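Comments concern the structure below.
The values are calculated or read from the model by the stated rules, or taken from the named source; none is laboratory data. The structure displayed is predicted, hence computed values, not measured ones. With ideal geometry, Cβ positions are generated from the backbone for all residues, glycine too; neighbour counts draw on all protein chains shown. In case anyone asks, the SASA skips ligands and DNA or RNA and just uses the protein heavy atoms, side chains included. Shrake-Rupley method; radii C 1.70, N 1.55, O 1.52, S 1.80 Å.
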Amino acid sequence: MSRLTDLIAQTKAKDLALGQELEREFKVLSARRAFGLNFERHRPESVELPGRPIRKGEKVRILPPRGSTTKGDQRLWKVVGFERVKDQRLARLELLSTEEPGGKSVPLDDLVVVAEFRDYIYPGLVSTGKVDSGVDKPFHTIINGENFHVLEALTFTHRGKIDAIYIDPPYNSGAQDWKYNNNYVEKDDLYRHSKWLAMMERRLRVARELLNPLNSVLIVAIDDKEFARLALLLEQTFPDARQEMITTVINPRGKYRQGEFARCEEYIFFLAFGAAKVLGEPDGDFAAGSTVSWRTLRRSDLSSARGTKKGGTSQFYPIYIGSSGRIERIGEALDHAVDRKTAPQLPGCVAVFPVRDDGTEMNWGLTGPSLQSLLDNGYVRVGRATPDRPQKFEVSYLTSGRIADIQSGRAKVVGRAEDGSVIAKYETSKIKMPVSTWVRPSHNAEIYGTDLLKSLIGDRAFPFPKSLHAVEDCLRLFVADKQKAIILDFFSGSGTTAHAVMRLNREDGGRRQCISVTNNEVAAEEQAALRKKKLRPGDADWEDWGICEYITKPRIAAAITGKSPDGKEIESDYKVTDEFPMAEGFEENAEFFTLTYETPVAVSHNRAYARIAPLLWMRAGSEGRRIDALPAKGWEIADTYGLLTDLDKAAPFCKAIARKDAVRFAYIVTDDDRRFQSVARRLPVTVEPVRLYESYLTNFRFSMGR
């Protein structure tokens with residue numbers, strides 16, 4: 001090891017960049033485990049950024065000619081300058097590979113900026129629309145961008161603030177369901193699994209910084225392709241979490257696979273941090289508004305039949321039921337040797353004994369005195385008459401648990417039946433702990449995923465959307481008691497998680513908000529058709545077919561407004577948990593953003609404020625009005641935060657903030673730490689001062705994943 005270290009030091013002295021690259025790889029190899037999950041981390045991912053302006057110093061790729069369906073030149077070039085030939089602006093390029101020196105000039109329209117995941121990024125956001133229902137609630141945010149970079153952006157706005165993360169990452173089926181370095185990972189790729197693990201690990205490490213360490217949960221849905229490797233990855237990435245896995249049936253019929261078992265289930269990992277725990281869920285048999293259940297008085301097991309060792313003599317006796325259907329008397333117990341037909345008769349009554357339809361004499365579930373005590377309180381009920389059977393009436397009673405529910409107030413007596421028995425209903429739901437295997441009709445992915453999505457946005461196809469209610473149930477188990485929870489989904493796809501959060505809010509009047517991260521990737525089969533039309537990523541007609549624009553945004557808007565993308569009221573209904581028409585929509589707000597990439601120079605000189613503004617608003621809670629432009633008077637205060645750009649106006653700024661109880665952040669633009677501290681000391685203790693742009697630049701200069 002020491003020899004390798006010396007060689008790397010010598011290399012760095014001659015070629016710093018090469019030496020640093022070797023040092024990074026050496027650290028990865030030396031950190032490998034003797035046991036546990038080992039996999040190739042692969043070279044850092046890169047992502048193409050269509051539409052990003054070409055700047056000097058950027059890494060770029062040369063696009064294939066319009067109309068071509070080939071991959072084109074995959075080499076990376078560096079922009080070293082610009083020139084104009086006739087009316088066309090060209091970029092002068094140099095190859096980044098030292099093995100193939102060379103340069104050329106290429107039209108800007110034929111270039112696309114490439115960001116590698118080891119590069120520093122300085123993110124911003126541009127709003128691309130909103131759905132504002134007019135209610136005083138925080139906004140759900142939907143961000144179109146590479147999810148690794150968006151996660152890094154969230155380290156500035158939500159570090160340690162996320163209450164729950166739900167993700168449904170690509171399942172790595174080999175069916176062109178995800179890309180690594182802009183190429184689909186095919187089934188025959190020998191490094192398919194390690195590429196998937198490398199992709200997931202980078203994102204999970206950043207997500208770890210976002211979760212509230214005191215009380216939060218990470219939920220990951222996966223299928224059989226990667227669940228075993230994912231289990232180990234999660235254990236290694238989150239050693240302090242309490243990890244559980246449940247099995248859930250999403251397709252009762254099973255997915256046909258030639259020569260293999262028809263797969264009907266998926267798996268969900270729950271990682272609890274700090275004080276987080278499973279809250280339980282309402283027991284369907286004891287739900288609020290449901291009638292308290294009764295138990296049949298006759299024993300059912302043959303080991304308790306009359307005359308057996310368990311069937312003592314004290315629980316075989318006549319119950320005399322009159323013509324009114326009431327119990328008039330409870331008779332004396334009969335010895336085993338006494339024929340029940342010789343029991344005393346009571347005029348106008350039928351003597352009822354515990355007898356099966358086949359004539360087998362059983363025992364009652366209670367002794368006579370115990371039954372009498374319950375009868376006196378209305379806890380014994382006479383059921384339907386069965387004159388053609390050996391037992392002439394059905395008789396039932398309330399168990400001690402149900403009686404305790406009434407006595408504690410959990411259930412309330414709302415009336416009496418004709419036989420004098422109580423009619424009781426539950427005031428509140430009884431909570432039970434869910435089992436680790438879920439067989440729930442509402443989790444059927446076809447009915448409550450594919451079909452439900454079709455009800456919202458018509459025939460816009462999206463592969464394998466999750467059941468809305470499956471996601472809702474997962475989140476409810478951990479955030480039902482957090483009405484202001486912040487939920488993140490950085491593989492949001494069609495937007496199911498945001499939709500589920502809206503339903504949770506409707507159930508209890510909550511103000512939970514969801515941050516959904518998706519890209520605008522066009523499906524593989526559609527890409528070929530668009531390229532033949534001479535379209536490229538970044539063209540408006542291309543972007544219209546991307547996941548975010550074509551699926552996610554329309555779905556979120558349809559859910560809130562109750563109207564499909566063509567403006568018609570949605571005709572379907574929600575039929576699980578609480579039933580209501582989809583056309584009613586939700587009293588929720590949502591805003592859509594696209595991630596941008598800024599330069600630190602533009603940020604520090606206040607030239608990128610318009611794109612930084614949404615991040616400041618999100619950090620303050622994504623609530624109320626946003627300050628989208630630099631204030632002419634030197635300061636401004638919105639609903640939850642204030643912005644000071646002229647420190648000579650600090651006095652009125654601090655006074656105005658003191659008058660607004662809802663303000664939580666004060667952003668102060670200055671390069672002078674002494675003056676920043678002077679202003680910070682004058683703010684209320686409930687307001688967090690943030691220095692711009694030092695706080696922003698420092699956060700991303702030392703961001704995760706580098």
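Count the net charge of all other residues whose Cβ sits under 11 Å from the Cβ of A411, scoring Lys and Arg as +1 and Asp and Glu as -1.
+3
How many percent of Cα pairs in segment 416-564 exceed 26 Å?
Here the tail beyond 26 Å accounts for 40 percent of pairs.
State the percent of C-alpha pairs, over all pairs in segment 550-706, separated by a distance greater than 29 angstrom.
Cα-Cα pairs of segment 550-706 separated by over 29 Å account for 36 percent.
Enter the accessible area of M502 (Å², nearest 10), with the probe set to 1.4 Å and all protein chains included.
0
For segment 276-328, what is the largest minus smallest coordinate of the Cα atoms on each principal axis, given in angstrom and ordered from greatest to least?
The principal-axis extents, from largest down, are 52, 36, 14 Å.
Report relative contact order for segment 54-152 in percent, whole number only (criteria: Cα-Cα under 8 Å, sequence separation at least 6).
RCO, segment 54-152: 23 percent.
Would you kindly derive the ³J(HN,Hα) couplings of segment 673-684 from the backbone phi angles with the Karplus curve 6.51 cos²θ - 1.76 cosθ + 1.60 (θ = phi - 60°), listing them in order in whole Hz, with x for Gly and Pro?
Couplings: 5, 5, 5, 4, 5, 5, 5, 4, 5, 8, 8, x Hz.
So for the chain, Kirkwood radius off the Cα pairs, Stokes-Einstein at 20 °C and 1.002 mPa s: how many µm² s⁻¹?
71
If DNA, RNA and ligands are ignored and the probe is 1.4 Å, what is the ranking of E265, E588, E507 by accessible area, most exposed first?
Accessible-area ranking of E265, E588, E507, largest first: E507, E265, E588.
What does the charge count around G368 come to, taking other residues whose C-beta lies under 12 Å from its C-beta (Lys +1, Arg +1, Asp -1, Glu -1)?
The answer is 0.
With a point put 7 Å past each Cα toward its Cβ, work out how far T69 is from L232 in nm, to one decimal.
Here the answer is 3.9 nm between the modelled labels.
What is the sum of charges, Lys and Arg at +1 and Asp and Glu at -1, for the other residues whose Cβ falls under 9 Å from the Cβ of R326?
-3
Starting with the highest mean, order 527-534, 213-220, 139-146 by the number of other Cβ atoms within 10 Å, averaged over the residues of each peptide.
With the highest mean Cβ count within 10 Å placed first, the list reads 139-146, 213-220, 527-534.
What do you reckon, how do R208, R356 stack up by accessible area (1.4 Å probe), largest on top?
Ranked list, largest accessible area first: R208, R356.
What nm value, rounded to one decimal, do you get for the distance between R257 and L4 when each label is placed 7 Å out toward the C-beta?
3.7
Between D508 and L108, what length comes free when the chain is fully extended (0.36 nm per residue of separation minus the Cα-Cα distance, one decimal in nm)?
Between D508 and L108, full extension yields 138.7 nm more.
Please find the FRET efficiency linking A610 to V135, where r is the Cβ-Cβ separation and R0 is fixed at 35 Å, and quote it to the nearest 0.05.
Plugging the Cβ-Cβ distance into 1/(1 + (r/R0)^6) gives 0.85.
Count the DSSP beta bridges whose two residues both fall in the chain, then state the antiparallel fraction as a percent rounded to the nearest 5.
So the antiparallel bridges in the chain amount to around 70 percent.
Relative contact order (percent) for segment 333-476, with alpha-carbon contacts under 8 angstrom and 6 or more residues of separation?
The normalised contact order for segment 333-476 reaches 13 percent.
In the full protein assembly as shown, how much of K425 is accessible to a 1.4 Å probe, in Å² to the nearest 10?
About 80 Å², ignoring ligands and nucleic acids.
Could you give the length gained on full extension between D15 and R701, defined as 0.36 nm per residue of separation minus the Cα-Cα distance, in nm?
So the extension gain works out to 244.6 nm.
Quote the accessible area belonging to I406 in square angstrom, nearest 10, computed with a 1.4 Å probe and with ligands, DNA and RNA left uncounted.
Approximately 20 Å² for this residue.
With a 1.4 Å probe and all protein chains in place, put F393, F653, F82 in order of accessible area, largest first.
Correct descending sequence by accessible area is F82, F393, F653.
So for segment 553-637, what percent of the C-alpha to C-alpha distances run longer than 17 Å?
Counting pairs separated by more than 17 Å, the tail of P(r) holds 64 percent.
Could you give the length gained on full extension between R389 and K310, defined as 0.36 nm per residue of separation minus the Cα-Cα distance, in nm?
Working it through step by step, the gained length comes to 26.0 nm.
Report the antiparallel proportion of the DSSP beta bridges in segment 592-706 as a percent, rounded to a multiple of 5.
Once the DSSP bridges in segment 592-706 are tallied, antiparallel ones form about 25 percent.
Please report, to two decimal places, log10 I(q)/I(0) for segment 341-491 at q = 0.14, 0.17 Å⁻¹ as given by the Debye formula with identical point scatterers on the Cα atoms and no solvent.
Computed log10 I(q)/I(0) values: -0.89, -1.06.
What is the packing order of peptides 337-345, 568-576, 396-404, taking the mean over residues of other C-beta atoms within 10 Å and listing the highest first?
Per-residue mean Cβ counts within 10 Å order the peptides as 396-404, 568-576, 337-345.
For the chain, build the charge dipole from Cβ charges (+1 Lys, Arg; -1 Asp, Glu) around the Cα centre, then report which of N215, A500, L475 sits farthest towards its positive end.
About the Cα centre, the residue reaching furthest to the positive side is N215.
By average Cβ neighbour count within 10 Å, what is the ranking of 672-679, 377-384 from highest down?
Going from most to least packed, we get 377-384, 672-679.
Given H placed on each backbone N at 1.01 Å, which residues far from E598 in sequence or on other chains put an amide H within less than 5 Å of it?
HN-HN under 5 Å from E598: Y122, G124.
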